[in-house]
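The values are calculated or read from the model by the stated rules, or taken from the named source; none is laboratory data. Remember, predicted model here, so these are calculated numbers, not experimental data. FYI the Cβ positions are ideal-geometry reconstructions off the backbone, even for glycines, and counts take in every protein chain you see.
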Amino acid sequence: MDYGKRDAAELAAAVDAGIRKGLDLVDAFRGTPAGRRELEREAKRSAADSRRARRAHHVRKVQSQVMTIGGTAVSASAATAGIIDVAATGVTGAGWFAVSAIGAVVAVIGGRSWRRLSPFTAAPQIMSPPALVRRGAIGYDSVARYT
């Protein structure tokens with residue numbers, strides 16, 4: 001009988017030591033919780049970075065569209081004006097066709113950049129801290145412990 005009790009005591013001590021070691025490990029990795037103001041500041045900074053990235057992506061997209069559409073319009077209108085000029089005067093107007101070629105190059109560059117533009121992927125934002133719970137309310141202890 002004494003042998004069985006000693007085994008149970010040793011087993012309980014081993015389990016307690018293992019649990020203590022595990023809790024120490026969890027505490028070491030958890031670190032100190034960030035302060036509420038610091039967490040709010042990081043959440044605002046994260047939201048601002050996300051808005052800035054979304055705006056930059058939108059600007060790149062609009063710029064590519066403007067280059068494509070504008071270059072095509074300039075190229076087509078300059079070529080049309082050049083053809084009308086040649087038909088009316090009989091002299092080849094190289095200026096119109098040069099402007100048309102430049103417009104076509106701009107349209108091709110804009111079209112390629114528009115096609116290469118990947119869809120916007122939002123980075124995960126930092127969540128703002130939970131709302132404060134008044135002292136004595138249900139769940140106050142849990143909120144105070146984990147924030």
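Residues in the range 121-147 that are under 34 Å from the mean Cα position of the chain (by Cα) and either modelled with pLDDT of 85 or more or β-branched (Val, Ile, Thr) (or both): Thr121, Ile126, Val133, Val143, Thr147. Of the listed requirements (1) β-branched (Val, Ile, Thr); (2) in contact (Cβ under 8 Å) with a residue 40 or more places away in the chain; (3) surrounded by fewer than 14 Cβ atoms within 10 Å (Cβ to Cβ), Val59 misses just one: (2). Working carefully through the options Arg55, Arg37, find the one that is at negative phi, at pLDDT 90 or above and in a helix (DSSP H, G or I). Going through Arg55, Arg37 in turn, just one is at negative phi, at pLDDT 90 or above and in a helix (DSSP H, G or I): Arg55.
Summed over the range 62-93, the residues that are surrounded by 14 or more Cβ atoms within 10 Å (Cβ to Cβ) and more than 15 Å from Val105 (Cβ to Cβ) give a count of 9. Selection over the range 65-104 of residues that are of a type in the set (Phe, Trp, Tyr) and more than 46 Å from the chain's Cα centre (by Cα) gives a count of 0. Inside the range 69-106, residues that are of a type in the set (S, T, N, Q) and not in a helix (DSSP H, G or I) make up a count of 1.
Filtering the range 102-142 to residues that are among the small types (Gly, Ala, Ser) and surrounded by 14 or more Cβ atoms within 10 Å (Cβ to Cβ) leaves Gly103, Ala104, Ala107, Gly110, Gly111, Ser113, Ser128.
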